[in-house]
Amino acid sequence: MTSNSNRGVHALGTVTIGGDLVVGRIGFGAMQLTGPKVWGEYPDRDGGIALLKEVVEAGIKFIDTADVYGPHTNEILIHDALHPYPDDLVIATKGGFVRGGPDYKDWDAVGNRVYLRQCVYTSLRRLDLDRIDLYYLHAPTASDAPFEQQVETLAELQQEGLIRHIGLSNLTAAQLRAAQTIVDIAAVTAHYNVGVRIGAELLDAAERVGIPFSPWHPAAIPRDHTAARFKSVLQPIANKYGATVQQIALAWQLHRSHIMLPIPGTTNIAHMAENVAAASVSLTLTEVEAITNLVTDVGSDK
């Protein structure tokens, strides 16, 4: 990648995870580097390895994965592409989801102590790490153990030195507050973009305690009956900056909050470079507000 792309990652500053891990404002979500429906091996193994190498060359310091991506194949691909890892690369992974097969309906959550411990140990093995920098509970929805008990298990693993920092995924603001009474939470992740604000309350809660919020599907643009309304706002802004609407959607994330750490994913090197370049787009306050106001009912999880 060019040096301009590398600067783009840091154009709007950095985000600090857990007080000691400093990364650029745009990460990389590796989920797409699997088979169809996030099941099995990524068909173009050599292409996936080349892309991951370019991610690091572009200056991205944060890669997001999970044991359920594949399952397991995504973590293995990251290892095979990048190990031994650069000292400043942060790999975040997750545990607690399971797959019953390639159909999306066969997702579930398991949260008992023994299973979560197995998740951490096997992710360590696949990634060839002694300690995972950021480990997320993938969902708080497991029915076999209370949410607080699952957080306690991660706290136990942190005390044992297997997890450096604990993150939580797809939770509510109330659950974040409950978790913080048990252990320090270093980051959260949820679905949030120009058209979907499911994580809005969680973002507010994360801002109050000053921890990174990592939106997934961060550059997605609505394709339903509202698409024309979103395009009518985004396209003129994109034209002004010589950018794509997806780049403007990413730039909006970065301007929306100083704790944002979006993790756009792609299987294409050129598209990855476009995502990195989005960090160099400096939107005006009026433009940020216009995009923000495209969604007025963000709901509440209080």
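Data table
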quantity	calculated
Sole residue being in contact (Cβ under 8 Å) with a residue 12 or more places away in the chain and part of a loop (DSSP other than H, G, I, E, B), chosen from Pro86, Pro43	Pro86
Residue in segment 251-266 that is of a type in the set (S, T, N, Q), part of a helix (DSSP H, G or I), modelled with pLDDT of 95 or more and out of contact with any strand residue (DSSP E or B) (no Cβ under 6 Å at 6 or more places or on another chain) present	no
Considering residues of segment 212-245 that are hydrophobic (A, V, I, L, M, F, W, C) and part of a helix (DSSP H, G or I) only, the residue nearest to the chain's Cα centre (by Cα)	Val245
Per-region count, segment 114-137, residues of a type in the set (Val, Ile, Thr) and part of a strand (DSSP E or B)	1
Residue tally, condition out of contact with any helix residue (DSSP H, G or I) (no Cβ under 7 Å at 6 or more places or on another chain) and surrounded by fewer than 22 Cβ atoms within 10 Å (Cβ to Cβ), over segment 150-168	8
The listed residue being of a type in the set (Gly, Ala, Ser) and part of a strand (DSSP E or B), out of Gly167, Gly101, Gly161	Gly167
Selected residue (criterion: modelled with the lowest pLDDT) from residues of segment 275-296 that are surrounded by fewer than 20 Cβ atoms within 10 Å (Cβ to Cβ) and under 21 Å from the mean Cα position of the chain (by Cα)	Ser280
Yes/no for Arg113 being of a type in the set (Lys, Arg) and in contact with a strand residue (DSSP E or B) (Cβ under 9 Å, 6 or more places away or on another chain)	no
Pairs, first within 9 Å of Phe28 (Cβ to Cβ) in segment 55-70, second in a strand (DSSP E or B), C-beta under 6 Å, six or more apart	Val55/Phe28; Ile60/Phe28; Phe62/Val23; Phe62/Val90; Ile63/Phe28; Ile63/Ile91; Asp64/Gly29; Asp64/Ala92
Conditions (1) under 17 Å from Ala186 (Cβ atoms); (2) outside any loop (DSSP other than H, G, I, E, B); (3) in contact with a helix residue (DSSP H, G or I) (Cβ under 7 Å, 6 or more places away or on another chain); number of the one not met by Pro140	(2)
Some residue of segment 193-202 being in contact with a Phe, Trp or Tyr (Cβ under 8 Å, 6 or more places away or on another chain), under 23 Å from Val22 (Cβ atoms) and not in a loop (DSSP other than H, G, I, E, B)	yes
Residue count for segment 205-251, restricted to those that are surrounded by 20 or more Cβ atoms within 10 Å (Cβ to Cβ), free of Cβ contacts under 8 Å to residues at least 40 places away in the same chain and not hydrophobic (A, V, I, L, M, F, W, C)	2
Failed item, numbered, when Leu254 is tested on (1) closer than 10 Å to Pro218 by Cβ; (2) surrounded by fewer than 19 Cβ atoms within 10 Å (Cβ to Cβ)	(2)
Boolean, Val15 is outside any loop (DSSP other than H, G, I, E, B), in contact with a Pro (Cβ under 7 Å, 6 or more places away or on another chain), crowded, with 20+ Cβ neighbours inside 10 Å and touching a residue at least 24 places away in the same chain (Cβ under 8 Å)	yes
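This table checks each residue for (1) surrounded by fewer than 16 Cβ atoms within 10 Å (Cβ to Cβ); (2) under 18 Å from Trp216 (Cα atoms); (3) touching a helix residue (DSSP H, G or I) at 6+ places or on another chain (Cβ under 8 Å); (4) hydroxyl-bearing (Ser, Thr, Tyr).
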residue: Pro36; (1), (2), (3), (4): yes, no, no, no
residue: Tyr42; (1), (2), (3), (4): no, no, yes, yes
residue: His79; (1), (2), (3), (4): no, no, yes, no
residue: Gly96; (1), (2), (3), (4): no, yes, yes, no
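The values are calculated or read from the model by the stated rules, or taken from the named source; none is laboratory data. Because the structure is a prediction, the values reported are computed rather than measured. No Cβ is skipped: glycine too gets one built from the backbone with ideal geometry, and neighbour counts run over all protein chains shown.
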